[in-house]
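Worksheet: one structure, shown below.
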Amino acid sequence: MTLGVLAGLGMAFAMFAGFWTDWLWYRSVRYSSVFTTTLWTKIGLFFVFGLLMAGVVGFNIWLAHRLRPPLSAMSLEQQSLDRYRMGIAPYKKWLLLGITALVGLVAGASAASQWRTWLMWVNGVPFGKRDPQFNLDVSFYAFDLPWYRFLLGFGFAATILSLIAAALTHYLYGGLRVTSPGTRATAAATGHLSVLLGVFVALKAVAYWLDRYGLAVKSSDFKAAGNWTGLRYVDAHAYLPAKTILFCIAVICALLFFATLWRRTWQLPVIGFGLMVFSAVLIGGLYPAIVQKFQVQPNEQAKEAPYVAKNIKATREAYGIDNTKVSEYAGKSQTADKTKLRDEVEKTVSIRILDPNVVSPTFQQLQQIRNFYGFPANLDVDRYTTKDGRSQDTVVGLRELNLDGIPKKNWINNHFRYTHGYGVVAAKGAEANDNGQPSFIESDLPSTGELGKYEQRIYYGEKTTTYSIVGGPQKEVDYSDDSGEKTTRYQGNSGVSLSNPVNRAAYAVAFGEPQILYSGAIGEGSRILYNRTPKERVEAVAPWLTIDGDAYPAVVDGRIQWIVDAYTTTNGYPYSSRTTLGDTTADSLTFNNNQRAVVAQQNQVNYIRNSVKATVDAYSGEVKLYEWDTEDPVLKTWMKAFPGTVEPRENISPALMEHLRYPQDLFKVQRELLTRYHVQDAQTFLSGSEVWQVPDDPTTKSGNAVPPYYLTMKMPDQESQAFSLTTTFTPTGRDNLSAFMAVDAEAGTPGYGQIRILKLPASTTVGGPKQVQSQFNSNSQQNIAEFVRLIRGGDSEIEYGNLLTVPLDGGLLYVEPVYVRGGQLKYPLMRKVLVTYDGVTAFENTLDEALDKVFGTSGSAPPPSEDTGTGETPPPPASGNPTVQQALKDAQKAFDAGQEALKKGDWQAYGQAQKDLQDALKRAAEAQAQAEKSGGGDKNADKSTDKSTDKNADESAGENAGGGDANTPATQQSSGAGPGAVDG
């Protein structure tokens, strides 16, 4: 007995610990109202519906027992049950209480899980839009209908359980007979059971009536629209009248069952019930099938067109794509002289050549500083203002805590000493340094640079998934510099205090760690931090929101703030097609990198709004929710349910507004819908002739969709550049480009959220991402294939960055950075940039060089070759000028150094040698030009100059631009012989 009591107390305290720690956490983040509102709603639903179910079932058991026939009238069949009656007789009351309590607990738990449905029903606000079939406000389908269906389901469950319980009781006490001759049921049992059956049929009548409205949000697989929602021709002309007829039949049938209280016969109710079942099969099943087969299928487009038009309109409204601007786009440049477009590139786009999804290992290698720090596998793109006042795309990552890199792992180190990350690392998106490394604007430890002063300690982040205990006797490792290890104590008020022994005991049980209860490292001022990822914290304080998969950091007013986009959704928007968030938001990044958070919800929705912008302070963990979509009725409903939790939009500071952006997951959902719903004509929609698809990512082999890319650019109808989110479309089953899509992602501007689609003509074939990537890989004129072969032939690897697409003068400019990882360096460095426009491709060391070459504005372009009659191209002229000779010697020296570095895989030395080579050649060219201008140059100097040296230098420049064979001797290349020879 003692052990049993102790076990019971232990279980009770474990339950209390979970409840108590939850309450303490919500109170610590100042969202206790969310906890109490949710808790009291669940408790209220549990008791109301639990007691109601217990009362209904218990009453029917009691009534059946009271209506039992006298024992003298018992048959032989019932006499055999006497021992069961005698066995339960002493415990009848307890048995009744036990059965009712059990069904009450189950029903109460089921009802408590419907707390969202209840809150939405009781707080629902109108949408201001009506469905085209029944002319009811959308709020009826989004907020009311789900609650009515729950009530109907509860009524069916209560009726069926009461019917079963009453029938068993009647049978046990003689009211019903199975094998005995004579009357099978007493009059009392007949009346009781017939009333219950009448209630069941009456509920079925209500179900038929609600099913009429349910047709507006019914899912069906329609090949032209995917997961179709709403009425089609067969629904409007067969199912809808069938439901109305069945409702009337069910009402009549229910009245016949109730009439048995007076008639005491089952004959008419049974006939009525049979008629209802027969009608359900004939009217509700067979008749619609006939209509579909003989009326719809022979002329489907004409029959379905009016309903498809309703579906198109509703879907575009529900997903916020109804204002999408679709424009025709030529797909080919309209300017004959391409040199005029070189300046237009700078005005049209700020090309981001630093790929945030590739360079994380480079950040890790160059800026990790200590092993217990780490960067996320996918960095983020944000905008920061430069010193001259311009906004630039910036790749940002936080140096977060990485417990796997702790020198010695134990409980104290894991949870007390190593508690936080330190500092922001940021690099310019549009450039890399001479070594192919990111050009940092914020770096080192502590971080310094252009972001100013801010609180650099990171206690809350995407990689911070375990609890820490801070602020007590045990000091924390802050960071290390040349003078040694620095320590600190947490000064914030985040987390839950552990000074109370009850709290310590509760957390020891909740976390399964008994040392929390008695450890001397915990004392006055100790606080426990947990639920530390931004996604976890926002989901906890706003459980009614769906969270975007990619939180991103920003330095705002001297603090590091995690910015989290959150959505309100519903599955009850009439006529709008449904989508599954988890599937729609998946792409090559979510497939290749499991560390990136994704929208994992597999629930289907047919309405979505980015209604809330949330922030999580990286130091204090403070969570703030800001109203973003001020017109969203779903958000207004939740704000009524949880008053005071969402701050008005006006509270967003200008500094924070600069970093808000259009969310990726919403964009992915919208682009998936726009593959079909860019078409607004019902006939064209039904034909499927203009269905697009999101292309697979050509830079990976995952076979998953290409991710959208943030890019500062200008669409043809825009006057200036805007921070945008972009993607491409291809026709279904083909690889050529069919459309380009961009949304203005810069929050706080008038054009924010405007979706633009440039639709290419079907009569022309413009290369899509996969085709462009294939052309890059196989281009022999630019020695791209040779470069790739040489790199992969050694111990190095090629990594392609984001393939960016930019509309320019009617054509499409493609830009892709090329990274090399290998040799002694195990992180990617940007070595080349691929650019193609209007059929011209360049493969150069820098973006400017590639653009100059594509648009024919390169000042270093070689002159046309002269045929000597031997099939060889003569070497470029040299000079007897000593300055030229010394420059060429320096070029040869740099070339040799570059070859040696290439063999060793030392890309830093290779980059320096490449820079020295370019400087030497530039000096030689300038000296030669100056000599010729002054008349002092010897035009025949090539006779007295070492042609081999000159040609070596020239071809070394070609190799650095085009990727020469690292294993081919310089003398062999200088003669132009051998398979490794490369054109300069």
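Test of understanding: extend the Cα→C-beta vector of Arg30 to 7 Å, then name every residue of the stretch 618-647 with backbone N under 17 Å from that spot.
Flagged as within label range: 618-627, 643-647.
Any idea how far apart Val326 and Lys218 come out in nm if each label point goes 7 Å out from Cα toward Cβ?
Computed distance between label sites Val326 and Lys218 equals 2.9 nm.
Got a sec to turn the phi values of the stretch 55-67 into Karplus ³J(HN,Hα) couplings, 6.51 cos²θ - 1.76 cosθ + 1.60 with θ = phi - 60°, whole Hz, x for Gly and Pro?
Running phi through 6.51 cos²θ - 1.76 cosθ + 1.60 with θ = phi - 60° gives x, 5, 5, x, 4, 5, 5, 4, 5, 5, 5, 5, 8 Hz.
For Arg130 and Ala655 in the same chain, what is the full-extension length gain: residue separation times 0.36 nm, less their Cα-Cα distance, in nm?
Values: separation 525, 0.36 × 525 = 189.00 nm, distance 3.94 nm.
Residue separation times 0.36 nm, minus the Cα-Cα distance, leaves 185.1 nm.
Place +1 on the Cβ of every Lys and Arg and -1 on the Cβ of every Asp and Glu in the stretch 448-533, take the dipole about the Cα centre, and give the residue among Gln456, Thr466, Gly512 whose Cα lies farthest towards its positive end.
The residue sitting most towards the positive pole is Gly512.
Give the aspartates and glutamates reachable from Lys243 as a straight Cα distance under 13 Å; neighbours fewer than 8 places away on the same chain don't count.
Reachable aspartates and glutamates: Asp211, Asp235.
If the cut-off is 13 Å between C-alpha atoms, which aspartates and glutamates fall inside it for Lys313, apart from same-chain ones fewer than 8 positions away?
Reachable aspartates and glutamates: Asp131, Asp322, Asp681.
I need the calculated FRET efficiency for the pair Val106 and Ile160, taking r as the beta carbon distance and R₀ as 22 Å, to the nearest 0.05.
Values: r = 13 Å, r/R0 = 0.60.
The computed FRET efficiency comes out at 0.95.
Rounded to the nearest 0.05, what FRET efficiency is calculated for Val840 and Ala12 with R0 set to 45 Å and r the Cβ-Cβ distance?
Calculated transfer efficiency: 0.05.
For the modelled label position 7 Å from the Cα of Lys640 along Cα-to-Cβ, which residues of the stretch 95-127 have backbone nitrogen atoms closer than 20 Å?
Label zone hits: 114-127.
Test of understanding: what is the full-extension gain from Ala187 to Thr749, defined as 0.36 nm times their sequence separation minus their Cα-Cα distance? Walk me through the intermediate numbers first.
Working: separation 562, 0.36 × 562 = 202.32 nm, distance 7.70 nm.
Contour length minus the Cα-Cα distance gives 194.6 nm.
Would you mind checking Lys347/Lys428; Lys668/Lys759; Lys332/Lys714; Lys409/Lys826; Lys832/Lys915; Lys408/Lys475 for any pair whose Cα atoms are more than 20 angstrom apart?
Lys409/Lys826
Can you order the peptides 206-217, 759-770 by their average number of other Cβ atoms within 10 Å per residue, highest first?
Numbers: 206-217: 19.8, 759-770: 16.6.
Those peptides, ordered most packed to least, come out 206-217, 759-770.
Highest mean first, what order results for 266-272, 505-511 on Cβ atoms within 10 Å? Write down the numbers at each step before the final one.
Details: 266-272: 16.0, 505-511: 20.1.
Packing order, densest peptide first, comes out as 505-511, 266-272.
Do me a favour and compute the ellipsoid semi-axes for the stretch 293-416 from its Cα gyration tensor, root of five times each eigenvalue, largest one first, whole Å.
Working: eigenvalues 483, 200, 38 Å².
Each semi-axis is the square root of five times an eigenvalue, giving 49, 32, 14 Å.
Using amide H atoms built in the peptide plane, which far-off residues or other-chain residues are under 5 Å from Leu136 H to H?
Asp131
Given labels modelled 7 Å from the Cα in the Cβ direction, how far is it in nm from Thr764 to Thr37?
Modelled inter-label distance: 5.4 nm.
Quickly work out the Asp919-to-Ile412 label distance, labels modelled 7 Å from Cα along the C-beta direction, and quote it in nm with one decimal.
Inter-label distance under the simple model: 5.3 nm.
Need the full-extension length gain, Ala430 to Ser774, defined as separation in residues times 0.36 nm minus the C-alpha distance. One decimal, nm. Please report the intermediate quantities before stating the final value.
Details: separation 344, 0.36 × 344 = 123.84 nm, distance 2.44 nm.
121.4 nm is the gain from fully extending Ala430 to Ser774.
Quick note: the coordinates plus some simple rules give every number you see, no bench work behind them. Fair warning: this is a prediction, and the values are worked out from it, not measured in the lab. When we count neighbours, we look across all protein chains shown, and the Cβ atoms used for this are built from the backbone with ideal geometry, even at glycine.
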